[in-house]
Structure formats: structure tokens, C-alpha cells
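Written below as C-alpha cells is the structure these notes are about.
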Amino acid sequence: MTTAPTVRYERLGPVATVTMNRPEYRNAQNSAMTYALDDAFYEASADDAVKVVVLAGAGDHFSAGHDIGTPERDAHVPFARRAGMWWDHTDKEGAEQRFARESEVYLGMCRRWRELPKPVIASVQGACVAGGLMLAWVCDVIVASEDAFFADPVVLMGIPGVEYFAHPWVMPPRIAKEFLFTGDRMGARRAYEIGMVNHLVPREELAAQTRELAERIARMPRMGLALAKRAVNQAEDLQGLHAGLDAVFGLHHLAHAHNAETSADPLRGMDARAMKEA
């Protein structure tokens, strides 16, 4: 086992488990966690002994989303670019700063991880909110505990949705609209009914059943799995996913710029507490 400050990585047989490890903050994703996740996924991809990857969250929740208010929020800290060619954001201002950073750590990283040529299973319990959705959605299979819930409440910020805007591909368009318009939580049962979740299991069985599925998949040929994953991803892109992500990413940043001009800040004055109260 190797351990990063915010992510744990463990391989047992053919299955690598990547665990977000900020349980005191409901696994809110700061940049340090994002790059630690990238390290872990890259390690799993490069290791021939790994056939399947599991993404999990330590503690009671999978992930409450992007870090918008913990003491370890590090949006101002530079990191070496990996997911794109945009320049460092830390010495820039305004829309240039935000677009450069989010092109890398949000949209760019999610696209990078979606292309990992091994099956990735999300093991979801508790909150899977906003940025947490993005992490679950780049996985190939989602196993959720009965107490899991999903939400994208960022319309409260005047923003059309999270940066990796896969909503109309992971759920029917009218369901996606209601999901965004209300910001309401979608329970695991409903997520299973609409096909966003593959398996619904009791909380106490989540890890074991995820593991069982991972080991079953791991018995398939590595090249066959890689090609099957690529085939389905390509089909999604032909249905407009790749272009749709680019288009909505632009709308997302238009919303940030509008907020900066008309309100307290690009987040419309909303922090984690204000979002929860709303």
C-alpha cells in the first residue's frame, strides 16, 4: 500500500482501490486531492497486475463535491499541468484565472480519468454531490448503498451545472432538467430506477459487493475490457457527449463572469453553509 495525504491506494489481487481520504470534510475535493487521485489512477493504469479499479470515499460520504470552504482549500496553489495545455492560473485574474484552473482540475481531469483503459467502479455511500457526481460519472459502473443520494445544487449559484456536464447522458433529459431546476437530492433507489446506478446494496454490504463485482470483471481479458470500454465511450461521444461538455463548460464560465459582475463573487456569495441552508 502507498499513501498520499488525501488519497489511499491499495492493490489486492487484480483490483486496485483508490479511496478519497478527507472524511472530516465529507471528501470535499481540493486540488491536492485531485492530483493525488490522478497519481493513483495513473499507477493503476500502469500496473499490469491491476485489471479493475474501484473508486471509494472514506467515512460516511463518497464526496460532497469541490472544496469551496475548508481550511485546506488550495485554489490559489500552483500545480504542474497534466490534463491540458492551459497555463498556470495563480498569477492571472478574473475569467482567465478561473477558466485556466477549471480547464485543468475539473473538466480536463475528468476527461483524462474517463479514458483510463481499465474498468473503474464507483462505490458510493452517503453524499455524492456536485463535484462528487463528476467523479462517479467518469466511472464505468456505479454501485451505491441504499443511503446514498445524488445532487447538483449549483443552479443556486446561477450556474447551469457542474463542469463535467454529463447530465443528459447519465439520465433522461427531462429528469436532468428537474434535477437541475430543483437542486433536490435524488435517492439511490430513484437513481437505480433511471439507470444512473448499476447496483443498489445495503450499506454494510457495499464494499464486499463492489469487490465481488470487480473480481468478476477482472476475470475477463484485459484487452477485451479496454476495447469494450473504448467502444462505449466512443458511442457516447458520437451521441454528442464530448462536444456537449465543451459547450456547457463555456456556459458555466459565462455564469461565473456574470456573477462576478453582478454579485459578491463568481459563486454568487454561496459557500458550503449557504448551499446547505438553501
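What follows is calculated from the coordinates using simple rules that are stated; it is not laboratory data. Here the structure is a predicted model, which is why all the values come from computation and not from measurement. Positions of Cβ are backbone-derived with ideal geometry, glycine not excepted, and every protein chain shown enters the neighbour counts.
Would you mind giving the average projected area, over all directions, of the Cα convex hull of the chain in nm² with one decimal?
The directionally averaged projection comes out at 13.8 nm².
Treating cross-link reach as a plain straight distance, find the lysines whose alpha-carbon is under 19 Å from the alpha-carbon of LYS229, omitting any fewer than eight places away in the same chain.
Cross-link targets: LYS51, LYS118.
In whole Å, what are the Cα extents of segment 147-278 along the three principal axes, biggest one first?
The principal-axis extents, from largest down, are 55, 37, 24 Å.
If you average over every viewing direction, what projected area does the convex hull of the Cα atoms of segment 199-263 give, in nm²?
Details: hull surface 31.6 nm².
Answer in nm², one decimal: 7.9.
Looking at the chain, do any whole DSSP H helices span at least 30 angstrom along their long axis by alpha carbon and average -0.5 or above on Kyte-Doolittle, and which?
Sorted by number, the helices that extend far enough and score high enough are 241-262.
Output the Kirkwood hydrodynamic radius of segment 16-149, Cα pairs only, in Å rounded to one decimal.
Working: mean 1/r = 0.0660 Å⁻¹.
After inverting the mean inverse Cα-Cα distance, the result is 15.2 Å.
Nearest 5 percent is fine: what portion of the DSSP beta bridges confined to the chain is antiparallel? Please list the in-between numbers first.
Numbers: 10 of 32 bridges.
About 30 percent, rounded to the nearest 5.
Check cross-link reach from LYS177 to the lysines: straight Cα distance under 23 Å, and skip same-chain residues fewer than eight apart.
Partners found: LYS276.
Where does the charge balance sit around GLN234 when Lys and Arg score +1, Asp and Glu -1, over other residues with C-beta under 15 Å from its C-beta? Walk me through the intermediate numbers first.
On the way: positive: ARG111, ARG114, LYS229, ARG230; negative: GLU115, ASP140, GLU236, ASP237.
Its environment carries a net charge of 0.
Dipole magnitude of segment 53-198 about its Cα centre, charges +1 at Lys/Arg Cβ and -1 at Asp/Glu Cβ only, in debye to the nearest 20? All intermediate terms of the calculation are to be shown ahead of the outcome.
Numbers: 15 positive and 19 negative charges, 82 e Å.
That gives segment 53-198 a dipole magnitude of about 400 debye.
Once amide H atoms are built 1.01 Å from N in the peptide plane, which residues 5 or more positions from ARG22, or in another chain, come under 5 Å H to H?
Close amide H contacts, sequence-distant or interchain: ASN27, ALA58.
What is the log10 of I(q)/I(0) for segment 1-71, computed with the Debye formula using one identical point scatterer on each Cα and no solvent, at q = 0.23, 0.24, 0.26 Å⁻¹?
-0.94, -1.00, -1.12
Please give the length that would be gained between ASN198 and GLU96 if that part of the chain were fully extended, namely 0.36 nm times their separation in residues minus their C-alpha to C-alpha distance (nm, one decimal). Walk me through the numbers before you get to the answer.
Values: separation 102, 0.36 × 102 = 36.72 nm, distance 3.87 nm.
Full extension of this stretch gives 32.9 nm more.
Taking H placed 1.01 Å from N in the peptide plane, check which residues at least 5 places from GLY161 or on another chain put their amide H under 5 Å from its amide H.
When sequence neighbours closer than 5 places are left aside, there are no close amide H contacts.
Quick one: give the max-minus-min coordinate of the C-alpha atoms of segment 75-194 along each principal axis, largest first, in Å.
Principal-axis extents of segment 75-194 (Cα, largest first): 45, 36, 23 Å.
What 222 nm value per residue comes from the helices of the chain, counting each DSSP H run with n ≥ 4 as -39,500 (n - 2.57) and dividing by all residues, nearest 500 deg cm²/dmol?
Here the helix-only value at 222 nm equals -12500 deg cm²/dmol.
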